[in-house]
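First the structure, in the form of structure tokens, and then the observations on it.
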Amino acid sequence: MSPITGAAAPSTPAVVRTILELRSRLAERRGSGQTVGLVPTMGYFHDGHLSLMATARAACDIVVVSHFVNPLQFAPSEDLATYPRDFTRDLSMAATVGVDLVFHPDRAEMYPTWPATTTVRVSGVSEGLESASRPHFFEGVATVVAKLLAIVGPCVAYFGTKDYQQLAVVRRMVDDLRLPVEVVGCPIVREPDGLAMSSRNVHLNELERQAALALSRGLAAGLDAVRRGERSAAGLAAAVEATIRAEPLAELDYVAVVDGHDLRAVNTIEAGRLMLVAIAAKVGRPRLIDNCTFEISASGSVATDLVA
Ligand code: AMP
């Protein structure tokens, strides 16, 4: 007990490195009727990760966080080697929100054959947007998430809407494979100035950190255009793009304005339809993504999840 507050000090989660041990620990607890919440991550935690864990903590008896930088979702030219890592720091952060188990396998545990011989490919929602620049990406994500869900078994799995297309791919896969998993999407956690939290933000220098605000500013500019009556997807995208292109340190990859459910391209923004505006841009070394959804009501008001 803490001598000052009388509250129990957060206890460090148990670290599990093998599939066998994770399965046996979960089987024990499931035997007594406990429910399992899973939060898949690549580590280097920030408040976005912690919000997922806290949501799982509030709803489930056992909270498992997987902590694995999945090599299958990185192209050879990408930042696998420099992806930020600090396992000790992550463990103490996970302790503050009451995580029970941290599953931290090595590559051989997750991929007994390497290069991987069995992969999962989800068509439809995994096309376009992120796939255009990262064609390998969703096969890597779907494969590792399928493995994690097969290892953990029936559970509620928590994902951030920060990676909106990833969440859509996971939902599709869980439905298509009929997995005994409830997928829950959690809102984007932002810094006070609007920057979406990301492990990769640590690689931004001071100037780039300021420049990175162009992404959330771009989304806000797009929504302003809609509020002023813009109803063409191209017009909305142009408003977002102009804001990002005005920032010399930001190198825009794409702006997409698509249906918020099936992620298909839309020409005209109609009332009553959930829309997604998604952006990717390089700012210095890191490639950052951000998005917001919105829906125009019959009376013309615009409801959005952007709280920048
Ligand atoms: P990552 O470690 O980057 O693979 O992210 C692990 C999970 O945290 C994914 O479901 C992400 O969508 C989610 N996440 C990442 N950043 C944020 C954020 N800023 N707000 C909410 N969730 C996030």
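The values are calculated or read from the model by the stated rules, or taken from the named source; none is laboratory data. None of these values were measured; they are calculated from a predicted model. Note: ideal-geometry Cβ built from the backbone for every residue, glycine included; neighbour counts use all protein chains shown. Accessible surface is based on the protein model in full, side chains and every heavy atom, while ligands, DNA and RNA are left aside. Shrake-Rupley method; radii C 1.70, N 1.55, O 1.52, S 1.80 Å.
Key figures
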{"read-out": "Within the chain, longest stretch free of exposed GluC sites (Glu not before Pro) [DSSP loop, at most 16 other beta carbons within 10 Å]", "value": "128-269"}
{"read-out": "Of ASN267, ASN201, ASN291, the one that fluctuates the most in a GNM where the chain has Cα springs shorter than 10 Å", "value": "ASN267"}
{"read-out": "Overall Cα dimensions of segment 100-228 - principal axes, largest extent first, Å", "value": "48, 33, 33"}
{"read-out": "Label-point gap, in nm, between ARG285 and ASP47 - each point 7 angstrom along Cα→Cβ", "value": "2.5"}
{"read-out": "Accessible surface of segment 199-302, 1.4 Å probe, proportion on carbon and sulfur as whole %", "value": "49"}
{"read-out": "Residue range of the chain that is longest and free of trypsin sites (Lys or Arg not before Pro) which are both DSSP loop and sparsely packed (at most 16 other C-beta within 10 Å)", "value": "18-84"}
{"read-out": "Distance cut-off 25 Å, percentage of C-alpha pairs in segment 14-186 lying past it", "value": "28"}
{"read-out": "Debye, to nearest 20: dipole size of the chain, +1 on Lys, Arg Cβ, -1 on Asp, Glu Cβ", "value": "380"}
{"read-out": "P(r), alpha carbons of the chain - 10 Å bins starting at zero, rounded %", "value": "6, 25, 33, 23, 10, 2, 0"}
{"read-out": "Unit charges on C-beta of K, R, D, E only; dipole of segment 14-186, Debye", "value": "280"}
{"read-out": "Inter-label distance, nm, simple model (7 Å from Cα along the C-beta direction), LEU177/ALA14", "value": "2.5"}
{"read-out": "Mean accessible surface per residue for segment 199-302, computed with a 1.4 Å probe while every protein chain stays in place, in Å²", "value": "45"}
{"read-out": "MRE, 222 nm, helices only [DSSP H, n ≥ 4, -39500 (n - 2.57), over the chain, to nearest 500]", "value": "-10500 deg cm²/dmol"}
{"read-out": "For segment 13-101, diffusion coefficient by Stokes-Einstein and Kirkwood Rh (Cα), 37 °C, 0.692 mPa s, µm²/s", "value": "235"}
{"read-out": "Ratio Rg/Rh, restricted to segment 199-302 and using Cα atoms, in which Rh is the Kirkwood radius", "value": "1.01"}
{"read-out": "Between 0 and 90°, nearest 10: helix 87-96 axis offset from the chain longest Cα axis", "value": "90"}
{"read-out": "Positive-end extreme of charge dipole, the chain - chosen from ASN267, MET197, THR304 (charges on Cβ)", "value": "MET197"}
{"read-out": "Relative contact order %, the chain, counting alpha carbon pairs below 8 Å whose residues are six or more apart", "value": "15"}
